[in-house]
Amino acid sequence: LGGDVSGRPGMGDTDGSGDEVAGTPGKQPLRKLARPKCTRPLVLVHRGELAPKGAVEELVWLPSPNDPARQQRYILVRSSDGKTDTALLEVQAAGAAQQSSWLVGEAVVSEGRLLVATPVDPLFLLLPVFALAHAAAAGRLCGLDQVLEDAPFAAYARTLRRLVALAGPRLQLICAVKQHDGEVYYRLDDALALAWLRNKVAATSAAVVVHARDLLHVGASSAYFTRVSAQEKEAAPDDEGDNHAT
């Protein structure tokens, strides 16, 4: 992989077209940007089952859920036949690039950061999209074209449509969904969205408690090992002194 994953404003979304776009909502129009050239290889890891053999992994830019003006990189995983998306992964950078490097096979990767791709629920990225459309339409039902027409999300319409397809019927966890004359219409439901977010927070809290307990156990074991090692070192006879006495 090449390029920056910091998500700084001004870096564009490929949106599947190869062109990058940028713009601040309500302040300046969206504009096309030349793709920044970057040939540095980067090391990325994720669980293998998230992208099984034959799957296609596509790196895309999308607005950050907590700040649409900030852009972030994600990986969309497509099935081996290229027809459907099967997972969305969030890309985060860890480690200091200036202080380390990687050995990959027989090659040295000088970029020392480690990119970690973890699964993320596409509803997190779609929630602000439907919230903006809900406000703009004064609570009326909207077709998907209307939902995606507002900046800054219009620049990402193609990729966001893929997220809608990936979410599928789970969109009903945050939206009222109606069909009429073969068209599907959406309206954000505040009560549903709040209940969904509460469930996410509860699940996260439960997982944090479990993992924190495991980390405390590992930390206690590590501290015990360090303390015992130090005690053994202090109690060990001085090799040089023993040799001198001998």
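The values are calculated or read from the model by the stated rules, or taken from the named source; none is laboratory data. The structure presented is a predicted model; accordingly, all values stated were derived computationally and were not measured. As a convention, Cβ positions derive from the backbone with ideal geometry for all residues, glycine included, and neighbour counts pool all protein chains shown. Heads up: the accessible areas ignore ligands, DNA and RNA and are worked out on the full protein's heavy atoms, side chains in. Shrake-Rupley method; radii C 1.70, N 1.55, O 1.52, S 1.80 Å.
Test residue 155 against the criterion of being assigned to a helix (DSSP H, G or I), at pLDDT below 90 and in contact with a strand residue (DSSP E or B) (Cβ under 8 Å, 6 or more places away or on another chain), and give yes or no. Spell out how you get there, then give the answer.
Values: assigned to a helix (DSSP H, G or I): yes; at pLDDT below 90: yes; in contact with a strand residue (DSSP E or B) (Cβ under 8 Å, 6 or more places away or on another chain): yes.
Here the answer is yes, as residue 155 does meet what is asked.
Yes/no matrix, rows are residues, columns are (1) open to solvent by 40 Å² or more (accessible area, probe 1.4 Å); (2) under 25 Å from residue 70 (Cα atoms); (3) among the aromatic types (Phe, Trp, Tyr); (4) free of Cβ contacts under 8 Å to residues at least 60 places away in the same chain:
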| site | (1), (2), (3), (4) |
| --- | --- |
| 116 | yes, yes, no, no |
| 121 | no, yes, no, no |
| 125 | no, yes, no, no |
| 130 | no, yes, yes, yes |
| 135 | yes, yes, no, yes |
| 139 | no, no, no, yes |
| 145 | yes, yes, no, yes |
| 158 | yes, yes, no, no |
| 175 | no, yes, no, yes |
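When you check residue 186 against the structure, is it in contact with a Cys (Cβ under 6 Å, 6 or more places away or on another chain), open to solvent by less than 90 Å² (accessible area, probe 1.4 Å) and either in a helix (DSSP H, G or I) or in contact (Cβ under 8 Å) with a residue 40 or more places away in the chain (or both), yes or no?
On the way: in contact with a Cys (Cβ under 6 Å, 6 or more places away or on another chain): yes; open to solvent by less than 90 Å² (accessible area, probe 1.4 Å): yes; either in a helix (DSSP H, G or I) or in contact (Cβ under 8 Å) with a residue 40 or more places away in the chain (or both): yes.
Criteria met by residue 186.
Do we have any residue at all in the range 77-100 that's within 29 Å of residue 199 (Cα to Cα), open to solvent by 60 Å² or more (accessible area, probe 1.4 Å), touching a residue at least 40 places away in the same chain (Cβ under 8 Å) and not β-branched (Val, Ile, Thr)?
Taking every residue of the range 77-100 in turn, at least one turns out to be within 29 Å of residue 199 (Cα to Cα), open to solvent by 60 Å² or more (accessible area, probe 1.4 Å), touching a residue at least 40 places away in the same chain (Cβ under 8 Å) and not β-branched (Val, Ile, Thr).
Please enumerate the residues belonging to the range 126-175 that are under 21 Å from the mean Cα position of the chain (by Cα) and of a type in the set (Lys, Arg).
Residues satisfying the conditions are 158, 161, 162, 170.
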